[in-house]
Amino acid sequence: MSQTIEEFTADLASAAPTPGGGSTAALVGALSSALGEMVGHIRQDKLDEPRLTELIAEMTVSRTKMISLIQEDESAFETFTAALKLPKETEEQKDKRAAEMLHGLIVAAQPPLQIAQTATKILHQLDEMKEYSSKSLLSDIGSGTALAEAALKASVLNVYENTRMMKDKDQAASLNKITDETLAVGLKISESLYPAMQKAARGENV
């Protein structure tokens, strides 16, 4: 991502087809991972834990993956929009257009699915990172959790929007199944982790 936040949000606010919900979810996911990394880096000075160093590195991979998915989501959507512009005058053209549209929808569904899967991975990582956190940093774990959950929920909607338009219902059902499972796993973590971090921020027993 070479744009500034100002440029990205200006493009997002415009009538341009990209960036959209998928790219935004990826950016939010990258921020969620960065918060977890921040906690880890702060605690590294006080803890001699090899696993903490590994976990920070894993979260860096998650963050950079999310950043790459911002552009991948935009590029994938363009594959579908290109198919929409194909001629449809003859039966042969209609068949070719239908095949290209299905291909475009499958391609367009991949980045948001990967965003959802990466967001779920970040939630796992944040859940582990809390074990190394000080009390004063648990609110950052909670903030990262809220952002990762938002990225997860936003990205799956973009998968469903693509599968909804697929004429191949078996392909759509297969993608929906993977997406549903990813969402369920991620929400199971966030629905436990966020309330615990909320209590910690309020000074209540966790």
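The values are calculated or read from the model by the stated rules, or taken from the named source; none is laboratory data. All values reported here derive from a predicted model rather than from experimental measurement. Virtual Cβ from ideal backbone geometry, glycine too; neighbours counted across all protein chains shown. Accessible surface is based on the protein model in full, side chains and every heavy atom, while ligands, DNA and RNA are left aside. Shrake-Rupley method; radii C 1.70, N 1.55, O 1.52, S 1.80 Å.
Values computed for the structure shown
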{"read-out": "Candidates per chymotrypsin sites (Phe, Trp or Tyr not before Pro) in the stretch 73-152, loop by DSSP, up to 16 other Cβ within 10 Å", "value": "none"}
{"read-out": "For the stretch 61-109, accessible area per residue (1.4 Å probe, heavy atoms of protein chains only), Å²", "value": "60 Å²"}
{"read-out": "Anchor Lys85: aspartates and glutamates whose Cα lies under 12 Å away (excluding residues fewer than 8 positions away in-chain)", "value": "Glu100"}
{"read-out": "Solvent-accessible area, 1.4 Å probe, carbon plus sulfur percent, for the stretch 79-156", "value": "53 percent"}
{"read-out": "Cα centroid of the stretch 144-169 to Cα centroid of the stretch 77-136, whole Å", "value": "8 Å"}
{"read-out": "Greater than 32 Å apart at Cα, pairs in Lys135/Lys188; Lys96/Lys177; Lys135/Lys177; Lys65/Lys135", "value": "Lys135/Lys177"}
{"read-out": "Average Cα contact separation per residue, the chain, under 8 Å, 6 or more apart, as relative contact order %", "value": "26 percent"}
{"read-out": "Estimated inter-spin distance, Lys46 and Thr79, nm [label 7 Å along Cα→Cβ]", "value": "4.6 nm"}
{"read-out": "Per-residue [θ]222 nm for the chain (sum of -39500 (n - 2.57) over DSSP H runs n ≥ 4, rounded to 500)", "value": "-29000 deg cm²/dmol"}
{"read-out": "The stretch 115-206 - Debye-derived log10 I(q)/I(0), Cα point model, q = 0.21 Å⁻¹", "value": "-0.90"}
{"read-out": "Hydrodynamic radius of the stretch 100-155 per Kirkwood, over alpha carbon pairs, in Å", "value": "12.5 Å"}
{"read-out": "Residues of type aspartates and glutamates that Lys130 reaches as a straight line, Cα spacing below 19 Å, ignoring anything fewer than 8 places off in the same chain", "value": "Glu37, Asp45, Asp48, Glu49, Glu54, Glu58, Asp140, Glu149, Glu191, Glu204"}
{"read-out": "The chain: angle of helix 91-129 to the longest principal axis, Cα-based, in degrees nearest 10", "value": "0 degrees"}
{"read-out": "Accessible area, probe 1.4 Å, largest first, for residues Glu6, Glu54, Glu149, Glu191", "value": "Glu6, Glu191, Glu54, Glu149"}
{"read-out": "Distribution of pairwise C-alpha distances over the chain, 5 Å bins, in %", "value": "1, 8, 15, 16, 16, 13, 11, 7, 5, 3, 2, 1, 1, 0, 0"}
{"read-out": "Alpha carbon convex hull of the stretch 38-112, projected area averaged over orientations, nm²", "value": "5.8 nm²"}
{"read-out": "Sequence ranges 133-139, 13-19, 98-104, ranked by mean other-Cβ count within 10 angstrom, highest first", "value": "98-104, 133-139, 13-19"}
{"read-out": "Student exercise, the stretch 1-103 dipole from Lys, Arg, Asp, Glu Cβ charges, in Debye to nearest 20", "value": "140 debye"}
{"read-out": "0 to 90° range, to nearest 10: angle between helix 21-44 axis and the chain longest Cα axis", "value": "20 degrees"}
